[in-house]
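Step one of this worksheet: look at the structure below.
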Amino acid sequence: MRPVRDGAARRRLLQAGAGACVLAAHATLLPAHAAPSMDAPGRCAPWPAWLAFREQFLREGARVIDPSSARAHSVSEAQAYALFFALVANDRARFEQVLRWTQDNLAGGDLSLRLPAWLWGRRDDGSYGVIDENSAADADLWLAYTIGEAGRLWGERRYLALSSLLAERILREESALLPGLGRTLLPGAHGFALAAGRWRLNPSYAPPFLMRWFATRSRDARWEELLASSRRLLLESAPRGFAPDWAFYRASSAGSAGAEPAAESGNFEGEALPASDRAGSYDAIRVYLWVGLTAPGDPAREQLLRHLAPMADRTEHDGAPPASIDAVDGSFQGVGPAGFSAALLPFLVALDRLSALRAQELRLQAHPVPPDAYYEQALQLFATGWREQRYALAADGSLVPAWQECSAPPATR
């Protein structure tokens, strides 16, 4: 899956070609690292950012549209993000509308039988429908996770069942055994196993807390394998601490699961790739966001924060994140858009980089995210919703929404 992005919004073009079970409710006290900024609104009040997102991007109340796209397209990732935001906002009616549109239009009417197509919009003949039927693993993970958490939090058994079915299909269609790396998440069902024992992977597609959530809830050992390989991908594809948009993995000479670790055998290619294939930009910015959102109790968090800290250093030095950075040699180009600053907020909080954090918050006040920039707005909702303590993530990856506490009856004395 090869996204192409511009500064206005995210565009993606694909290459041709678990079980969720109910756990006991978590404590609703939000962790100290999620402390809100000075001007954060009351987290129990309606979420203005979500209401604005709904107004700007949701068509017919259910389809997230990218206004910058010539085909007025919608992608499965956007649908999954909208579901997550609706769950954080306790917006059950809109959640159901978005889920229904996604199922009817991207999955042929039944998400239990097929993964959703990643791209929908205006076709060449002027009609509207699926443009590319390939799947997008990041969207599918977010769908299965959010639907499962909605089932747990809202007590909807049908959501739990659908989440389990989606999780099983992700394992079956979007993962593969890679020699030397083990079972690994592929970016989609088709087109990512290349010639000569090479695979194309995307580090931002497997947030640590999502992989932890699936591994915790499923008896299927393949989720533990995916958790381990996704952690290695995050570390080993970023030799200088800068995540790339895409990573190319090649099998070691041993050609078996017992091959040497990629970091030692050079399985993650870099030096031989052109600079355009080593860049970290619109996809990679999410890596720092996901790591920042990961709870302190997650065993992988501290190592990932230390490894990726050079991005915080670069941002603090320059006053803004770069637009693009070479994951191999660390060279960078341009100044990232406002949405990049928003995405880094949880990451900077987690690293206790308070000076850099304040600088990015001030930058966002001076240069807000454009209201019609879908992708940047989505990044901002993830980050500022967390900063405002509207949600947190538990150590096992589960969602802790503020509304759970706000709507609880007062304690009896």
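Candidates are the residues of the stretch 273-292 that are assigned to a helix (DSSP H, G or I) and at pLDDT 95 or above; the one that is nearest to I325 (Cα to Cα) is I285.
Quick check on the stretch 323-330. Is at least one of its residues buried (at least 21 other Cβ atoms within 10 Å of the Cβ), closer than 27 Å to L399 by Cα and at pLDDT 95 or above? For the stretch 323-330, residues buried (at least 21 other Cβ atoms within 10 Å of the Cβ), closer than 27 Å to L399 by Cα and at pLDDT 95 or above: absent. Of all the criteria given as (1) under 29 Å from A295 (Cα atoms); (2) among the aliphatic types (A, V, I, L, M); (3) more than 20 Å from the chain's Cα centre (by Cα), the one not satisfied by A70 is (1). Take the residues in the stretch 45-83 that are charged (D, E, K, R) and assigned to a helix (DSSP H, G or I), then tell me which one is surrounded by the most Cβ atoms within 10 Å (Cβ to Cβ). Among them, the one singled out is E77. Taking S135 as the residue in question, decide whether it is among the hydroxyl-bearing types (S, T, Y) and open to solvent by 10 Å² or more (accessible area, probe 1.4 Å). Here the answer is no, as S135 does not meet what is asked. A search for C-beta distances below 6 Å between a residue of the stretch 228-245 that is under 16 Å from L181 (Cα atoms) and in a loop (DSSP other than H, G, I, E, B) and any residue that is open to solvent by 10 Å² or more (accessible area, probe 1.4 Å) and aromatic (F, W, Y), counting only pairs 6+ apart in sequence or on different chains, returns S237/F268.
Can you go through Q365, Q377 and tell me which one is open to solvent by 10 Å² or more (accessible area, probe 1.4 Å), under 19 Å from the mean Cα position of the chain (by Cα) and modelled with pLDDT of 95 or more?
Working: Q365 fails: under 19 Å from the mean Cα position of the chain (by Cα).
Unique residue meeting the criteria: Q377.
Condition check ((1) in a loop (DSSP other than H, G, I, E, B); (2) farther than 22 Å from F84 by Cα; (3) open to solvent by less than 10 Å² (accessible area, probe 1.4 Å)) across all residues:
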position	(1), (2), (3)
S164	no, no, no
R169	no, no, no
G180	yes, yes, yes
P187	yes, no, yes
A196	yes, yes, no
L210	no, no, yes
W213	no, no, yes
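A count restricted to the stretch 333-360 and to residues that are under 16 Å from A309 (Cβ atoms) and out of contact with any Lys or Arg (no Cβ under 8 Å at 6 or more places or on another chain) stands at 11. Screening F268 with (1) of a type in the set (A, V, I, L, M, F, W, C); (2) surrounded by 18 or more Cβ atoms within 10 Å (Cβ to Cβ); (3) under 23 Å from Q389 (Cα atoms) gives one miss only, at (3).
The values are calculated or read from the model by the stated rules, or taken from the named source; none is laboratory data. Note that the structure is a prediction, hence the values are computed from the model and not measured. Backbone-built Cβ (ideal geometry, glycine too); neighbour counts: all protein chains shown. All accessible areas refer to the heavy atoms of the entire protein, side chains included, with ligands and DNA or RNA removed. Shrake-Rupley method; radii C 1.70, N 1.55, O 1.52, S 1.80 Å.
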